[in-house]
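The structure under discussion appears below in the form of structure tokens.
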Amino acid sequence: MLKAIITGAVITAVTVFAYFRGWLPVHSRTPANVDGAHFAPNEPGGTPGSTAATPGTHPTQPAGARTSDAKGGLALFQLGDYEAAIPELVKDLEKNKTSNALHSALATSYEKTGRSAEALAQWAKLAEACPKAPERASAVARVYLGSEGVARVDAGMRLLRDHPESAEAAANVIAIADACDKNGRPVEAWEACTLAVNLGAGTETALVTRCLAYADALAFSGKDVPELGSVYVVKSGDLVQNIAKKNKIDSGVICRVNKLQNAMIRQGQRLKVLTCKSTIEVSIKKMWLRLYYNGKFLARQYPVCTGNLEESPTPIGDFSVSTKLVNPEWTRAGTQAVAADDPANPLGTRWMGFAEPGFTSYGIHGTRKPETIGTHASNGCVRMRNENVEELFDLVPAGTAIHIHE
């Protein structure tokens, strides 16, 4: 009897020791804490609808856990039980309609169970209900990739406009431009191509050429494009200068776009009036000047000459067009003005001076030395070929913003 008692005590002591040393397996029916779990959809370019988990499993699922122990749609989703998660997630979303985690989990659950149409609708709901969610760009991209025709164009342009700096926009921007063209929406194709240029997507030279072709077809033609301006029917007694003044633009742009000779117009004539806002960007490193309309349409790109990098660099920063002069005289402090037709005058046929104090001696102008275009050779101004600066002069009014960067 005593021997049995001693043996039992020894076995009990060994068991307790082994338990606390972690030598015995411990089974738990309580799943890992998944409250507040967050799901981020995949970046476009992977398989639409794929996630880190595979059906029936999840990286954070504890050994021995069972689906029946999970509570709430997110917990079921984390365990990989997508069928069971769907009705629970629907209930959860009725209580919290702006939860991006719930929307993402439900959309992914639909994808995992082969319900692609419902998944697409759910990604669209996420985009609508959660405008600031980090998943929104990916959600809109999925809607774009899963749609066709006009719906595809609409979703693509929403992606570009709402998330222009996102990886999803850069990955899809050229395809979106192509979809716009295919569906008869060239204005949006132009906008998409301009964004592609600014994002560095695709081949820059080809994209710039494409943008300029859109500009010729949509801006600098008789085509009525409401996004850019309007059509005015000339009345008796009208003058180009008066029409321009009414629309707060320069008369040069009306003459240039409508190809008017000596500003001559006739009653009943239809004039295209560009009222879109123009802005100028200059790259010192790449030695080009770009004209944009409404900040989103690249309309023109010209080669330029900028300041000598060592002795007289072109100033970097934000400026605006002030004085506009035709055949300008050239003046320097303490010297007599040099006439426009004097070979010593370096300004060419047009001058657009900067408005900002301390920079009024700088400007965009023509040149008598076209061979310097594409080099850093000026005294700090932005030089252009005369034929280019004459066009730009007509297209931009005083007050036009100029952004100069390296």
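Applying 1/(1 + (r/R0)^6) with R0 = 41 Å to the Cβ-Cβ distance of E311 and R266 gives a FRET efficiency near 0.15.
Once the convex hull of all Cα atoms in region 152-253 is built, its volume per residue stands at 119 Å³.
Fully extending the segment from N379 to D318, taken as 0.36 nm per residue of separation minus the present Cα-Cα distance, adds 20.1 nm.
Working from Cα pairs under 8 Å separated by at least six residues, relative contact order for region 229-274 is 58 percent. Using only the alpha-carbon atoms of region 67-134 as identical scatterers, what base-10 log of I(q)/I(0) does the Debye formula give at q = 0.20, 0.22, 0.23 Å⁻¹? Debye curve over Cα of region 67-134, log10 I(q)/I(0) at q = 0.20, 0.22, 0.23 Å⁻¹: -0.71, -0.85, -0.92.
In terms of its Cα atoms, region 127-199 spans 31, 26, 16 Å along the principal axes, sorted from long to short.
Can you give me the relative contact order of region 139-218 as a percent, contacts being Cα pairs under 8 Å and 6 or more apart? Display every interim value, and only then the final one.
Numbers: 90 pairs, mean separation 18.2, N = 80.
Reported as a whole number, the value is 23 percent.
For region 229-274, pairs of C-alpha atoms spaced more than 11 angstrom apart make up 62 percent of the total. With each label modelled as a point 7 angstrom along the Cα→C-beta vector, the T209-A151 pair spans 3.7 nm. The tail of the calculated P(r) for region 279-405, taken as Cα-Cα distances beyond 26 Å, holds 12 percent of the pairs.
Here the Karplus curve 6.51 cos²θ - 1.76 cosθ + 1.60, taken at θ = phi - 60°, turns the phi angles of region 354-360 into couplings of 7, 8, 6, x, x, 10, 6 Hz, with x standing for Gly and Pro. Here the label points at E371 and S283, each 7 Å from Cα along the C-beta direction, are separated by 2.7 nm in the simple model.
The label-point distance for K132 and D162, in a model that sets each label 7 Å from Cα toward Cβ, rounds to 1.5 nm. Residues in region 111-122 carry Karplus couplings, in order, of 4, 5, 9, x, 9, 5, 5, 5, 4, 4, 5, 6 Hz; the curve used is 6.51 cos²θ - 1.76 cosθ + 1.60 with θ = phi - 60°, and Gly or Pro positions show x. Taking a 28 Å limit on the Cα-Cα distance, which of the listed pairs K246/K286; K296/K324; K125/K223; K245/K324 fall beyond it? Violating the 28 Å limit, Cα to Cα: K246/K286; K125/K223. As a rough footprinting exposure proxy, the listed residues I402, I265 were ranked by other beta carbons within 10 Å of their own, and the order from fewest upward is I265, I402.
Ordered by packing density, taken as the mean number of other Cβ atoms within 10 Å over each peptide's residues, highest first, how do 345-352, 240-247, 252-259, 187-194 rank?
Numbers: 345-352: 21.5, 240-247: 14.9, 252-259: 19.1, 187-194: 25.4.
Listed from highest to lowest mean packing, they are 187-194, 345-352, 252-259, 240-247.
Arranged by the count of other C-beta atoms within 10 angstrom, fewest first, what order do S320, S378 take? Let's see the in-between values first.
Values: S320 17, S378 22.
In order of increasing Cβ crowding within 10 Å: S320, S378.
Multiplying the residue separation of A337 and D216 by 0.36 nm and removing their Cα-Cα distance gives an extension gain of 39.7 nm.
Taking other Cβ atoms within 10 Å as a rough exposure proxy, L126, L207 sort from fewest to most as L207, L126.
No value in this document is a laboratory result; all are computed from the given coordinates. Please read these numbers as outputs of a predicted model, since none were measured by experiment. Cβ coordinates were reconstructed from backbone atoms using ideal geometry, including for glycine residues, and neighbour counts include every protein chain displayed.
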